[in-house]
1. When the chain is treated as a GNM, springs tying every alpha-carbon pair under 10 Å, which of GLU236, GLU210, GLU48 comes out with the largest mean-square fluctuation?
2. Which ³J(HN,Hα) values in Hz, rounded to whole numbers, follow from the phi angles of the range 263-271 under the Karplus curve 6.51 cos²θ - 1.76 cosθ + 1.60, where θ = phi - 60° and Gly and Pro get x?
3. Mind listing the long-range amide H neighbours of LEU99? Cut-off is under 5 Å, sequence gap 5 or more, other chains count too, H placed in the peptide plane at 1.01 Å from N.
4. Going by how many other beta carbons lie within 10 Å of each one, how would you line up HIS159, HIS180, HIS221, fewest first?
5. Could you identify which residue out of ALA296, ALA235, ALA92 has the top mean-square fluctuation in a GNM of the chain using Cα springs shorter than 10 Å?
6. When 1/r is averaged over all different Cα pairs and the result inverted, which Kirkwood radius in Å belongs to the range 170-297?
7. Once amide H atoms are placed 1.01 Å from N in the peptide plane, what residues at a sequence separation of 5 or more from LEU126, or on another chain, have their amide H within under 5 Å of its amide H?
8. Quick one: which residues, 5+ away or cross-chain, put their amide H under 5 Å from the amide H of THR293? H built at 1.01 Å from N.
Amino acid sequence: MANNRGASTIVDVAALAGVSRQTVTRALNDMVDVSASTKARVLAAADELNYRPNRHAQSMVQGRTTTIGLVLDDLSNPYFAELASALSRVAAERQWSVLLCDIGTDREKGRAQLASIVSRVDALALTGCRSDTLELLPASVLRQSTMGLPLLMLDGPDHERLDARIVLDVASGMTAALDHLVATGRRRIAFVDSDAGSPERRDIYDSYLEERGLDWGGRPHISADETVDGGMSAAERLMREAPDCDAVLVYNDVMAIGVLKTMRRLGYPVPQQVAVIGMDGLEVGRLVTPELTTLAIDKGAIAQASVALLEQVLTAGRPAMREVVIGLTLLVRESS
């Protein structure tokens, strides 16, 4: 029976399984001097009590570094590179390390990569992941027992197995960007979406135009790859189907740079004829001409919140706050 003061302890597990604390430790660490029947009894007791070993304490006792596994779909996207850099810096302040796992688009290769790192990390932080990414994790990690690895989602789908989430307030940010476009006289505002993301951003955009009477006939629904080439092809289609469009809100900065390139090639001056706004707040947005207006995501704030949440999970078994919301900031530059 678990104690009445909070999370179950190793003493509770030992009492329920009828073994010593030392045996529980050896069983949970899969040591060879524990019989299969005893190990099964210990694991069953730990499952029943929702017990998770204090991995952070284990790291300190064993003299090894606490390691976060950062799982993402595409490290070539500068957003994830900037986020990984921020997380590494914040982790280093606690003398932790970060192990990157770029699973890519080949899901079976991604499954193998995830299986190869779960035994080498103390927690997993997932970002830029599709809705099925969690299902690529080994079954032992996805068990509902809190014995599994701590899992943190950074701006991604919710899942019952997650210990905590970082959520971006995309709705407020997009509203600020659209308000800015309207305030500068734009009325035929298009949106270029990702063809791999959730419908959230498209829904926010559609609702904004409908609620403010800004919907316009022939407005194309365009989505593309989250790349410069994707943005270029999306802009070509947009100006072919709606040449009187006077503003474009784009899913991310990388795609928005592709939109800028195509507008220049097609002879649509930015921002005089068409305003362009991206999302992410990447440094590369300051290197293009005109400089890109963007909805900036504070990667440092995400990193600070992520490490704080994981530290709570690793030390106490559960975070004081399961979900942290981070806003987006409109940075008005030359493109709008």
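Please treat every number below as a calculation from the coordinates, not as lab data. All values reported here derive from a predicted model rather than from experimental measurement. Don't worry about glycine lacking a Cβ; one is built from the backbone with ideal geometry, like all the others, and counts go over all protein chains shown.
1. Comparing GLU236, GLU210, GLU48 in a Gaussian network model of the chain, the most mobile one is GLU210.
2. Rounded to whole hertz, the list is 4, 5, 5, 7, x, 9, x, 10, x.
3. The list, which skips near neighbours in sequence, is ILE68, GLY69, LEU70.
4. With the fewest neighbours first, HIS159, HIS180, HIS221 line up as HIS221, HIS159, HIS180.
5. Between ALA296, ALA235, ALA92, it is ALA92 that shows the largest mean-square fluctuation.
6. Final number for the Kirkwood radius of the range 170-297 is 14.1 Å.
7. Answer set, sorted by chain and number: VAL71, LEU152, MET153, LEU154.
8. Long-range HN contacts for THR293: GLY278, ARG333, GLU334, SER335, SER336.
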